[in-house]
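Contents: one structure, followed by commentary.
The values are calculated or read from the model by the stated rules, or taken from the named source; none is laboratory data. This is a predicted model, so every value here is computed, not measured. Here the Cβ positions follow ideal geometry from the backbone for every residue, glycine too, while neighbour counts run over all protein chains shown. Accessible surface areas use protein heavy atoms only, side chains included; no ligands, DNA or RNA. Shrake-Rupley method; radii C 1.70, N 1.55, O 1.52, S 1.80 Å.
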Amino acid sequence: MRIEIACSVFSRLRGLLWRRDYPDLLLLAPCNDIHTFGMRHPIDVAFISSDGVVLESHRALGIRRRARCKRASSTLERIAESTPWFEQGDRVELKRLIHESL
């Protein structure tokens, strides 16, 4: 799974726009307000609290839409799919993997 983290102002503003190749999952942090203006495809969105709980989940959010969750500290996005997606109350945990050379 290819996960991309968008934490700069520009990368969060760009989100999934103007891409030829989409990541499997995009984490926008900090982020509590997203839009789909300029998008060519609906997206799945999950708003995440600071302790990793999914506060809101949206499937196939259409183009030219806006969604926000004031309590969210970050947002997960992907191009809409029919595969399982996060639901309200799920817990999301990101682990940092460290590769050490011998």
Determine, from the Cβ-Cβ distance of R64 and D90 and an R0 of 22 Å, the FRET efficiency 1/(1 + (r/R0)^6), rounded to the nearest 0.05.
0.20
So what is the calculated 222 nm ellipticity per residue for the chain, using -39500 (n - 2.57) for each DSSP H run with n of 4 or more, over all residues, to the nearest 500 deg cm²/dmol?
-1500 deg cm²/dmol
Could you please report the charge total around W18, scoring K, R as +1 and D, E as -1 over all other residues with beta-carbon less than 15 angstrom from its beta-carbon?
+2
Which residue fluctuates most in the GNM of the chain (Cα springs below 10 Å): L17, L28, L55?
L17
Remind me, relative contact order of the chain in percent, using alpha carbon pairs under 8 angstrom and six or more residues apart?
28
Treat segment 1-69 as a sphere of radius equal to its Kirkwood radius over Cα pairs and apply Stokes-Einstein at 4 °C in a medium of 1.567 mPa s; give the translational diffusion coefficient in µm²/s, rounded to a whole number.
104
What whole number of Å gives the distance from the Cα centroid of segment 1-38 to the Cα centroid of segment 60-87?
11
GNM result for the chain, Cα springs below 10 Å: residue of I63, I43, I79 fluctuating most strongly:
I63
Carbon and sulfur: what percent of the chain's accessible surface (1.4 Å probe)?
53
Which value, in debye to the nearest 20, describes the size of the charge dipole of the chain about its Cα centre when Lys and Arg Cβ atoms bear +1, Asp and Glu Cβ atoms bear -1, and nothing else is charged?
500
For the chain, what is the accessible area per residue in Å² when the probe is 1.4 Å?
70
For segment 43-83, shape from the Cα gyration tensor axes a ≥ b ≥ c, cut at a/c of 1.5 then a/b versus b/c, turns out oblate
